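Peer 1: Take this structure first; my questions come after.
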Amino acid sequence: MVEVRRNPVPSLLESMSRDHLDPGYAEAARRKAMPGGATGGGPGRGRAIAAVTAACAVVGLLFGISASTTQTNEPRTEKARSGLLEDIDRAEQRQSALATSAADLAEQLRATQSELGGAGPLQTVAALEIAGQITPVTGPGLRIVIDEAPAGTNASGGVIQDRDVQLLVNDLWSAGAEAIAIGGVRVQPRSAIRQAGGSILVDNRPVFWPITIDAIGDPAGLQVKSVGAPGFGRFSTFAQLYDISFDVSAQETLTLPGGSGTDLRYASAPAQPAPTPTASSGSPPTR
Amino acid sequence: MYALLALIAGVAIGLFLHPTVPDWLGPYLPIAVVAALDAVFGGLRAKLDDIFDAKVFVISFVANVIVAALIVFLGDQLGVGAQLSTAVVVVLGIRIFGNAAAIRRHIFKA
């Protein structure tokens with residue numbers, strides 16, 4: 001099996017494909033075969049068995065340790081992942097719960113205010129709140145559902161951008177919508193529709209595909225006026241070219257959530273000498 | 001055979017005692033396992049070839065594990081640890097396959 005070669009070290013690939021067995025075994029066998037080389041029997045043999053047994057025990061221990069660590073590590077990584085997912089879920093639930101309680105408290109506040117004050121300035125406050133899109137509203141309107149093209153349909157990417165959504169919302173406003181919510185987030189006078197990566201942010205809150213845009217207003221009027229508008233034209237073209245989905249449907253009743261109140265950080269009302277009730281009824285600002 | 005019994009006992013101890021592996025030993029364990037597999041298959045084949053030698057088996061096992069761990073350690077220091085681990089696994093894997101094939105030829109004569 002072992003032939004004498006001129007070049008004692010065979011090339012790497014050759015040796016890798018041929019010499020699978022440690023050459024030491026052949027060497028030892030040859031030594032044993034030589035006269036006087038063998039040390040069979042006696043204490044030497046017992047020592048050899050003990051050595052092999054010990055080595056085998058170590059090998060088995062290695063296998064066992066490695067198997068058990070793999071088994072214990074696998075659920076750990078899985079646990080970490082699912083733990084993070086749970087954290088996200090919990091945070092989202094907490095966020096929505098807090099948002100609901102904030103809306104409830106605002107509602108209570110308004111109810112108490114109207115109980116106490118009745119008419120006068122508080123009525124103006126209520127009107128302003130409705131105009132500022134803070135209170136929840138309900139009414140007939142138009143529902144638009146947009147979604148990106150299914151993945152892989154076209155390489156050029158049927159990606160809907162924030163600008164497209166902005167145009168669509170502007171069209172709805174100009175067609176006479178009185179209140180608009182995007183993906184359950186109420187659009188307020190100071191709302192911004194922006195984009196971060198692949199997701200659309202409304203008022204810094206992410207909304208997820210498919211995005212539902214609810215607009216309250218006269219459904220027929222909204223539809224007629226908005227069909228010719230540039231944003232709508234844009235979306236119907238996209239729907240044909242890039243396979244995005246764009247569904248418009250009239251709805252009997254839509255319920256839109258209230259927007260989060262505006263906190264003014266820098267602006268403050270100028271100090272007025274005395275409240276003049278007659279002046280407040282003058283001209284409530286029109287949107 | 002004592003060796004087989006010792007092997008099984010080792011696996012059982014490892015599985016049931018759940019010894020904690022220190023962190024620094026983590027990257028070397030898989031390599032040591034592959035080296036040990038290579039030694040076991042080599043020893044088995046030598047046994048079947050009737051050229052088994054206890055000294056060669058023990059020394060080749062210990063040396064393989066140490067050298068493999070050393071290579072990986074060196075690779076880690078030089079920033080090529082993952083690639084060197086792959087190299088060790090490939091070389092030892094080819095040897096394991098070759099020895100397994102030889103054992104198969106011995107047992108099934110095919």
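The values are calculated or read from the model by the stated rules, or taken from the named source; none is laboratory data. Fair warning: this is a prediction, and the values are worked out from it, not measured in the lab. Cβ placement follows ideal geometry from the backbone for every residue including glycine, while neighbour counts extend to all protein chains displayed. Note: accessible area is taken over every heavy atom of the protein model, side chains too, but ligands, DNA and RNA are not part of it. Shrake-Rupley method; radii C 1.70, N 1.55, O 1.52, S 1.80 Å.
Peer 1: If you average the C-alpha positions of segment A:76-100 and of segment A:230-250 separately, how far apart do those two centres end up, in angstrom?
Peer 2: 35 Å
Peer 1: Just to verify a number: what accessible area does B:Tyr2 come out at with the full protein assembly present, 1.4 Å probe, Å² rounded to tens?
Peer 2: 150 Å²
Peer 1: How big is the A-B contact in terms of buried accessible area, both chains counted, 1.4 Å probe, rounded to the nearest 100 Å²? Don't jump to the answer; show the numbers that get you there.
Peer 2: Details: alone 20150 and 7950 Å², together 24950 Å².
Summing both chains' loss of accessible area gives about 3100 Å².
Peer 1: List the equivalent ellipsoid semi-axes of segment B:17-58 in whole Å, largest first, each obtained as the square root of 5λ for an eigenvalue λ of the Cα gyration tensor.
Peer 2: Working: eigenvalues 163, 19, 14 Å².
Its equivalent ellipsoid spans semi-axes of 29, 10, 8 Å.
Peer 1: Using only alpha-carbon positions, what ratio does the radius of gyration of chain B give when scaled by 2.2 N^0.38 Å?
Peer 2: Output field value: 1.18.
Peer 1: For the protein assembly as shown, compute Rg over Rh where Rg is the Cα radius of gyration and Rh is the Kirkwood radius from the inverse mean 1/r over Cα pairs.
Peer 2: Result: Rg/Rh = 1.34.
Peer 1: For the protein assembly as shown, give the percent of accessible area contributed by carbon and sulfur heavy atoms, probe 1.4 Å, rounded to a whole number.
Peer 2: On the way: 15660 of 24950 Å².
Its accessible area is 63 percent carbon and sulfur atoms.
Peer 1: If you average the alpha carbon positions of segment A:176-205 and of segment B:1-38, how far apart do those two centres end up, in angstrom?
Peer 2: Result: 59 Å between the Cα centres.
Peer 1: Sticking with this one: Can you list the HN-Hα couplings for segment A:203-211, worked out from phi with the Karplus curve (6.51, -1.76, 1.60; θ = phi - 60°), rounded to whole Hz and with x for Gly and Pro?
Peer 2: Whole-Hz 3J(HN,Hα) from phi for segment A:203-211: 6, 6, 10, x, 10, 10, 5, x, 8.
Peer 1: Have a look at segment B:73-110 and report residues whose accessible surface goes down by 10 Å² or more when the remaining protein chains are included, against the chain on its own, probe 1.4 Å, ligands and DNA/RNA excluded.
Peer 2: B:Val91, B:Ile94, B:Arg95, B:Gly98, B:Asn99
Peer 1: Give the calculated FRET efficiency between A:Lys79 and B:Leu4 to the nearest 0.05, with a Förster radius of 51 Å applied to their Cβ-Cβ distance.
Peer 2: About 0.90, to the nearest 0.05.
Peer 1: Here's a follow-up. Using a simple charge model, +1 on the beta-carbon of Lys and Arg, -1 on the beta-carbon of Asp and Glu, nothing else, what dipole does the protein assembly as shown show about its Cα centre, in debye to the nearest 20?
Peer 2: For the protein assembly as shown, the charge dipole is close to 2200 debye.
Peer 1: Compute from the Cα atoms of segment B:50-93 the Rg and the Dmax, the latter being the longest Cα-Cα distance, and quote both in angstrom.
Peer 2: For segment B:50-93, the Cα radius of gyration and maximum Cα-Cα distance read 12.9, 43 Å.
Peer 1: Something else now. What distance in nm lies between label points placed 7 Å from Cα along the C-beta direction at A:Arg194 and A:Leu109?
Peer 2: About 2.5 nm, to one decimal.
Peer 1: Can you count the Lys pairs in the protein assembly as shown with C-alpha separation below 23 Å, eight or more apart or on different chains? Each step should come with its number before you reach the end.
Peer 2: On the way: A:Lys32/B:Lys47; A:Lys32/B:Lys55; B:Lys47/B:Lys55; B:Lys47/B:Lys109.
Step by step, the pairs that qualify in the protein assembly as shown add up to 4.
Peer 1: Give me the accessible area of B:Val33, 1.4 Å probe, in Å² rounded to the nearest 10.
Peer 2: 20 Å²
Peer 1: In what sequence, largest accessible area first, do A:His20, B:His106, B:His18 appear using a 1.4 Å probe?
Peer 2: Descending order: B:His18, B:His106, A:His20.
Peer 1: Calculate, axis by axis, the spread of Cα positions in segment A:102-261 along the three principal axes, and write the results as whole Å, longest axis first.
Peer 2: Computed over the Cα atoms, the extents are 61, 33, 22 Å.
Peer 1: Might you work out the accessible area of B:Lys55 for me, using a 1.4 Å probe with all protein chains in place, and round it to the nearest 10 Å²?
Peer 2: The value for B:Lys55 is about 130 Å².
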